[in-house]
Amino acid sequence: TFAVLSIMVGGVTERLAPDSNFLIANGTNLTAGQVDIQARDLYRVQVAAATTVLGGLIQVVLGLVRFGFVGTYLSEPLVRAYTTAAAAHAVVAQLKYIFGVSPKRFSGPLSLVYTLVDVCSLLTKTHLPTLVVSAVSMTFLISAKELNSFLSPKLPVPIPVELITIVAATLISSYTQLSSNLTISVVGEIPSGLSPPSLPDVHVFGEVVGDAFALAIVGYAISISLGKTFALKHGYKVDSNQELVALGLSNAVGGFFQCYSVCSSMSRSLIQESTGGKTQMAGIVSAVIVLVTILKLGPLFQELPKAVLAAIVFVNLKGMFKQYSDIPQLWRNNKIDLAVWLVTWVATMLFNLDLGLAASIVFALLTVIFRTQLPTYSVLGQIPGTDLYEDIETHRGVREIPGITIFRSSSTVYFANADLYLEALKEKSGLDISKMIIYKRREEAKQRRRDRRAERRAQRQAKREKRAQSAMQAAAPETVLSVEEEEAVSRWNDPSSNEGAAPGENGGGNGTVFVIPDSARHADEQGRWEYLKGGAPDCASLGSVSELQDEGSSSEDTLSRDLERVSLGSLGKWTWDVHSIVLDLSTANFIDTVAIKTLRSIFRDFDEISVDVYMAGCQAKVVEHLEVGGFFTESVTKRHLFVSVHDAVLYCQNHRGAATMPSYEEYDEIQRSTAL
């Protein structure tokens, strides 16, 4: 098992079977300080076995439903930091045996800190004989391991340093009576034989289900982390679901024999690796030796000092502490992976392995979301003479296709970055769609006002002509207009001829100019035209002034002149600079409903300013998502999809027209001449 799992199981048993529930009764009073240890331990074994069986069943179920996929979220920096922090937990758990002190047992968040503080406060009470045994054992183990590494090319099998240490320490302790003479703590009585299988107390399941789930997850996390660590080192693959099922079966079956939760032991795994174990045969041999020890050899190791076992664990965790060298390497290579490493280590150290693992996975997923939410957006250009397109900002020698903007995101488009995708497209294309749509709608509104004014003018003109003809026929039916008078009438009838007239001329200025035919004074005298400024005309002949004026025309003409001063050049690119946009979606492996709505708005908004939008490089799954999401309509069809960016560019050039693209040699010649 693993030290942290032992602490977790111990916390469960102490919570459900505290000493206060097993005080010895003396008549009607409880004897102070006396606990029925046998009854207490018997119930604690039942609690531990029930927790183990339930945890094993949870692991089997999780393995059958393929929960092992969570192992894919355990990145290498996370695994290495997690195992490093777990090694620190294991070391802290052995300190009491190294120094021969008895600190309090803590559980829950910050238990490691509390334990360290308590151990440090007890350093003045260090048991010197125990510390000497620990120091001697460590010195011997380190020296022997270094010698083993030096002689490994010449030795057929590595020297079993740990086994030699245990046998030697047991013999020395047994013959010198270290436990009685120097009060050095030893392993003590080891019961022989196996307990008969028995059903766990199912009534405890409801009280320990949360703890069982935590044990199942932490045990799996430790096992898969160690498995991945050795797999990376020795070049093999670990099946996470198979590990879950195997671990669950071990716990479920072992719980019937009053075992408690097991997982991969960090110290034993490192010992097996350092002694040369590479196959499952090493595990079988180890299991057989443990079985023989339980059945027959247990009493032989009763005099083994616990300090020696702690020293073996301490020395073999040296490889895990070498992983601190990841910090400077990650600082140089990838700051985000460094952040994952540090957060995992800190969370695991402070919140223990269960909460620390959860916090680490959440933070790792947040980094993924952060990186996909803020990807790199780029405008692509063509490598001359090829059908390849690269970022114009990072690659030299590429050129932007005239009239076509090719836009690409480094990650898929989904709900977390859809709005950012749209904003980046507007920025990279140089087209401020909102302002351009406002300008276009203003121009359309201005044109509609012009049409209405022209219609009203035509109606009033028809009325004026009818009244003028009636007046002329009544006053001088035989009048013949001179050439000058015909020109005056023509100018009056044609409003466009008055545009640009200076103030005071016909149709100009602040006053209103009217043309009124003067009645003939004599029968033989021709009628003539008279020009009046600001005068009140005869309503009977020409109507009121309000009829001749264009209601509100002054303010509308002012607005029109203001709008004409606004050009698309001040709003962004000129409309004829960009006629097509190609969205390179080759990096997208899925698309959700929010992204589909964003693409719809892109097509709609750019269509408002007469810019065509096409998509290129869509995977089959993305096209399927677009179909299911109802993206395609009568206006946006699959004709807007292209297999590659180059196909889309060729279609845009044929559809909207473009200059012929130079070949690579022509482009190179242009570049050289420009440089000269």
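The values are calculated or read from the model by the stated rules, or taken from the named source; none is laboratory data. From a predicted model like this one, the values you see are computed outputs, not experimental measurements. Don't worry about glycine lacking a Cβ; one is built from the backbone with ideal geometry, like all the others, and counts go over all protein chains shown. The area values use the complete protein model at the heavy-atom level, side chains included, leaving out ligands, DNA and RNA. Shrake-Rupley method; radii C 1.70, N 1.55, O 1.52, S 1.80 Å.
Over the Cα atoms of the stretch 252-330, the radius of gyration divided by the Kirkwood radius equals 1.05; this is the Rg/Rh ratio. Listed by chain and number, the lysines whose C-alpha is less than 22 Å from the C-alpha of Lys466, apart from same-chain residues fewer than 8 away, amount to an empty set. Are there chymotrypsin sites (Phe, Trp or Tyr not before Pro) in the stretch 213-292 that DSSP puts in a loop and that have at most 16 other Cβ atoms within 10 Å, and which ones? Answer in residue order: Tyr236, Phe257. Residues whose amide H falls under 5 Å from that of Thr412, counting only those 5 or more places apart or on a different chain, are Asn589, with hydrogens built in the peptide plane. In order along the stretch 47-61, the Karplus-derived 3J(HN,Hα) couplings, from 6.51 cos²θ - 1.76 cosθ + 1.60 at θ = phi - 60°, round to 5, 5, 5, 5, 4, 5, 4, 5, x, x, 4, 4, 5, 5, 4 Hz, and Gly and Pro are given as x. Count Lys and Arg as plus one, Asp and Glu as minus one, and take only other residues whose Cβ is under 14 Å from that of Tyr324; the net charge is then +2. Per residue, the accessible area of the stretch 159-242 comes to 55 Å², computed with a 1.4 Å probe over protein heavy atoms only. Of the solvent-accessible surface of the stretch 331-460, computed with a 1.4 Å probe over protein heavy atoms with every protein chain present, carbon and sulfur atoms account for 58 percent.
Residues whose amide H falls under 5 Å from that of Tyr614, counting only those 5 or more places apart or on a different chain, are Ile581, Val582, Leu583, with hydrogens built in the peptide plane.
Taking a straight line from the alpha carbon of Lys322, these lysines sit under 18 Å away, with near neighbours fewer than eight places off in the same chain left out: Lys145, Lys228, Lys233. Close amide-amide hydrogen proximity is noted between Leu388 and Ile383, each under 5 Å apart and 5 or more residues distant or on a separate chain (H modeled in the peptide plane; Pro and chain starts excluded).
Of all lysines in the structure, the ones whose alpha carbon falls short of 17 Å from that of Lys428, not counting any fewer than 8 places away in one chain, are Lys573. Convex hull volume per residue, computed on the Cα atoms of the stretch 46-154, equals 213 Å³. Computed from backbone phi with θ = phi - 60° and the Karplus coefficients 6.51, -1.76 and 1.60, the 3J(HN,Hα) list for the stretch 646-654 is 5, 4, 5, 5, 4, 5, 4, 5, 6 Hz; x is used for glycine and proline. The chymotrypsin sites (Phe, Trp or Tyr not before Pro) found in the stretch 318-424 that occupy coil by DSSP, while having at most 16 further C-beta atoms within 10 Å, are Phe415.
The Leu23 and Ile294 beta-carbon pair, evaluated with R₀ = 30 Å, returns a calculated FRET efficiency of approximately 0.35.
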